[in-house]
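The values are calculated or read from the model by the stated rules, or taken from the named source; none is laboratory data. Because the structure is a prediction, the values reported are computed rather than measured. Neighbour counts are summed over all protein chains in view; Cβ atoms, including those assigned to glycine, are modelled from backbone coordinates with ideal geometry. To get the accessible areas, we keep the full protein, side chains included, count just its heavy atoms, and leave off ligands, DNA and RNA. Shrake-Rupley method; radii C 1.70, N 1.55, O 1.52, S 1.80 Å.
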Amino acid sequence: MRPRPDPVGPGQESVWRFPRPAIAERSDRHVRIEHRGHLVADTRAAVRTLETSHPPSWYVPPGDVAPGLLHRSERRSFCEWKGHAVYWHLAVGDAFLADVAWSYPDPTPPFAILRDHVAFYAGPLDRCTVDNETVRPQPGGFYGGWITPDLAGPFKGLPGSRGW
């Protein structure tokens, strides 16, 4: 059963107004990722994906990710819209985060702007921000959306949301 959307406050957008099927759009919002005192990524040229009931996933251009921190994983997955994803481990100092990021080396044509951009799960990282607002990870651990104060839910990933 589809839930009732939360009320939308001033300056908020409802994830229930996001499209289905999903889309990707460029953004000039400031996306920053930090872990263990290191800057992992910093960009104003991210791409965000939007899908009904999901907070956006933010994809960082490869040139805006600190060099040498990401190491290719053996993990793979498939998205019905974006295609085949590869995963990345993050090694920062003595910290090693397995499968904390993913990318699409050969996305489907509607998602061509995602090619080689890297998205990160917010939960394992010390700090992920959009326009200096610290994000909360999308619930459930499977999806990689970032919840910012300008979003209204409820968000897919909560218990009981599998059939949304």
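Structure summary
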quantity	calculated
Within a Gaussian network of the chain (alpha carbon springs, distance under 10 Å), most fluctuating of 11, 93, 144	11
Cα point-scatterer Debye curve for segment 59-123, base-10 log of I(q)/I(0) at q = 0.19, 0.20 Å⁻¹	-0.69, -0.76
Whole-number percent relative contact order across the chain, with pairs defined as alpha carbons under 8 Å at least 6 apart	26
Förster radius 45 Å - calculated FRET efficiency between residue 4 and residue 94, Cβ distance, rounded to 0.05	0.45
Of the trypsin sites (Lys or Arg not before Pro) in segment 30-61, those whose Cβ has at most 16 other Cβ within 10 Å and which sit in DSSP loop	36, 44
Gaussian network model of the chain, Cα within-10 Å springs - most flexible of 59, 143, 121	143
Rg and Dmax [Cα atoms of segment 1-69; Å; Rg one decimal, Dmax integer]	15.0, 45
Contour excess over end-to-end distance, with Cα ends at residue 133 and residue 115 and 0.36 nm allotted per residue	3.8 nm
Most mobile listed residue (153, 141, 123) in the chain, GNM with C-alpha springs under 10 Å	141
Rough spin-label spacing in nm, given labels placed 7 Å along Cα→Cβ, for residue 66 and residue 52	4.0
Ranking by accessible area, most exposed first, for 16, 146, 81 with a 1.4 Å probe	81, 16, 146
Additional length obtainable on full extension of the chain from residue 28 to residue 142, 0.36 nm per residue less Cα span	38.4 nm
Theoretical FRET efficiency, 1/(1+(r/R0)^6), r = Cβ-Cβ of residue 38 and residue 79, R0 30 Å, to 0.05	0.55
Long-range HN-HN contacts of residue 151 with modeled amide H, under 5 Å	13
Calculated log₁₀ intensity ratio I(q)/I(0) where the Debye formula runs over C-alpha points of the chain, q = 0.09 Å⁻¹	-0.28
Beta bridge orientation in segment 47-145: antiparallel %, DSSP, nearest 5	95
